[in-house]
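Chemist: Dropping the structure in here first, questions after.
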Amino acid sequence: MKILFDENMPFAREFFENFGAKENELVSFKGRELTAEQLIDADVLLVRSITQVNEQLLNDARKLKFVGTATIGVDHIDRAYLASRNIAFSSSPGCNAISVAEYVVSALVVLAEKYLFALTDKTIGIIGAGNTGTRLSEKLEALGVNYKLCDPLLNDAGDNRAFSTLEEALACDVISLHVPLTREGSNPTYHLLNDERITALSDEQIVINACRGEVIDNKALLSFKRQGAATRLVLDVWENEPNILSELIPFTELSTAHIAGYSLEGKARGTEMLYQALAKVFDFKVEKSLSQFLPKPSINRIKINQDFDEILLNQVVKMVYDVRRDDAIFRQQLSRFGFDHIRKTYPARREFSSVAIASENTELNSLFQLGFERLCKIEEEQ
Ligand SMILES: NC(=O)c1ccc[n+]([C@@H]2O[C@H](COP(=O)([O-])OP(=O)(O)OC[C@H]3O[C@@H](n4cnc5c(N)ncnc54)[C@H](O)[C@@H]3O)[C@@H](O)[C@H]2O)c1
Ligand SMILES: O=C(O)[C@H](O)[C@H](O)COP(=O)(O)O
């Protein structure tokens, strides 16, 4: 069985070797350079979001039986075409939801420190309450931060959480976008933040976009900022990646190269989910799991000697993931190396759960609910 996989898919060789594939049948490719010719004798195609999978790419791939994407977003896949060819398809829902939620928490912590506000004084409008929006809401709840959820589709489907209207979410102190990119249907998200909604934003608001660039009209956002609006922006995703509107960058508080979901765990869970999906389709036994391959993090245990407060939160969140590192890389390297290079050479980043905390009679439940592990007494003594 010949398996083609994106070179930016951690542990793909480890998962797929011996998977009915001989050495020369496990072939990596560059996501933006894959050609129809490379797919002529492929049985399986495993992509990330930068590969457009459509009729043009697959027309000559007559042996193809399975396409998988190690991502949450599926806007790069022509699923109707795959169905018309009877090609099985699987995405990786939820694989990097924790990673994106931790990106947002890191951004909030950094901005709270810079502008001297307490997170508990703010309300976060979460637009899109699926895997990522839900993980974020859980983390905010752990921290005692107020939030509003907006998701008309889930609301209509009978999800019994309390939902707010889009207008209510857009009026929150912080707006965090977690919707898929859609251009059709009852609630399309293309340019959800259009000129009208952008110009209605106040100077005090913060807008975070870690879903898809096209959800915000980037040109309208630039002209809004050029007119002097003080609204603070955190942008991980951009219209027209990799050829983005780089004039926007100086007007942002934090700018990154679509890496919110790039914790090692988040990326690798995507590979693992495709491994599981492939095993199901081809009736192979699932024998491997991600825990076999994840390396030990550089820091995996800490001891905390005080009760939880926002200063402590700032310290521990930044110890695991300080989004300013990725912002600095982006600002310094974009014009020299380009958007894709920054993503491809992304330095290691781990999730909060990679660190276990020991505590002596201190109240740290907020950190454990946020995602940090609790170190039990026996482990501490080892
Ligand atoms: N920056 C990154 O690295 C990164 C990582 C993961 C996901 N993403 C993007 O974020 C998106 C969301 O991720 P997810 O895991 O939560 O996906 P998901 O499919 O689990 O949830 C998306 C939610 O958005 C809701 N929704 C759709 N249209 C809406 C609208 N108009 N208004 C409000 N809600 C709407 C859906 O009902 C759904 O519940 C993905 O589709 C992907 O494009 C980006
Ligand atoms: O949709 C997703 O899962 C995310 O946007 C993901 O982080 C995209 O990463 P890429 O596939 O572009 O490497």
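Just so you know, all these numbers are worked out from the coordinates, no wet-lab data involved. Bear in mind the structure is a predicted one, so any value in this text is a computation, not a measurement. With ideal geometry, Cβ positions are generated from the backbone for all residues, glycine too; neighbour counts draw on all protein chains shown.
Chemist: Compute the relative contact order of region 224-351 as a whole-number percentage, counting only Cα pairs closer than 8 Å that sit 6 or more residues apart in sequence.
Modeler: Relative contact order for region 224-351 comes out at 35 percent.
Chemist: Okay, moving on. Please rank V100, V174, fewest neighbouring Cβ atoms within 10 Å first, as an exposure proxy.
Modeler: If I rank by nearby Cβ atoms, fewest first, I get V174, V100.
Chemist: Please find, in a Gaussian network model of the chain (springs between Cα atoms separated by less than 10 Å), the residue of Q56, Q333, Q205 whose mean-square fluctuation is greatest.
Modeler: Q56
Chemist: Moving on. What are the lysines whose alpha-carbon lies under 16 Å from the alpha-carbon of K139, with same-chain residues fewer than 8 places away excluded?
Modeler: K122, K148, K318
Chemist: Run the helix sum for the chain: -39,500 (n - 2.57) per DSSP H stretch of 4+ residues, divided by residue count, reported at 222 nm to the nearest 500 deg cm²/dmol.
Modeler: -10000 deg cm²/dmol
Chemist: Test of understanding: given the chain, find the longest segment containing no trypsin sites (Lys or Arg not before Pro) that are in a DSSP loop and have at most 13 other Cβ atoms within 10 Å.
Modeler: Working: sites that count: K22, K30, R32, R62, K63, R161, R183, K285.
Here the longest run is 184-284.
Chemist: Oh, and also: Can you figure out the FRET efficiency of E360 with E196, using R₀ = 45 Å and their beta-carbon distance, to the nearest 0.05?
Modeler: So the FRET efficiency works out to roughly 0.25.
Chemist: Over the chain, how many percent of alpha carbon pairs lie in each 10 Å bin up to the one with the longest distance?
Modeler: Pair shares across the bins are 5, 22, 31, 26, 13, 3, 0.
Chemist: Still on this structure, I have one more. Between the DSSP loop rule and a limit of at most 16 other Cβ atoms within 10 Å, which GluC sites (Glu not before Pro) in region 93-186 are left? Please report the intermediate quantities before stating the final value.
Modeler: Values: sites: E102, E113, E138, E141, E167, E168, E184; in loops: E184.
Here the GluC sites (Glu not before Pro) that fit, given the DSSP loop and packing criteria, are E184.
Chemist: Could you give the nm distance between label points at R183 and F337, where each point is 7 Å from its Cα heading toward the beta carbon?
Modeler: Result for the modelled spin labels: 3.2 nm.
Chemist: Moving on. Loop only by DSSP, 13 or fewer other Cβ within 10 Å of the Cβ. Give me the GluC sites (Glu not before Pro) in region 240-287 that pass, ordered by residue number. Present the calculation step by step, with values, prior to reporting the outcome.
Modeler: Working: sites: E247, E253, E265, E272, E287; in loops: E253, E287.
Those satisfying the criteria are E287.
Chemist: Right, another one. If you add up the charges near A171, with Lys and Arg at +1 and Asp and Glu at -1, over every other residue whose beta carbon is less than 13 angstrom from its beta carbon, what do you get? Intermediate results must be reported in sequence, preceding the final value.
Modeler: Details: positive: K122, K148, R197; negative: E167, E168, D173, E204.
Once positives and negatives cancel, what remains is -1.
Chemist: Quote to one decimal, in nm, the extra length available between A83 and R13 on full extension: 0.36 nm per residue of separation minus the C-alpha distance between them.
Modeler: Here the segment from A83 to R13 would lengthen by 22.5 nm.
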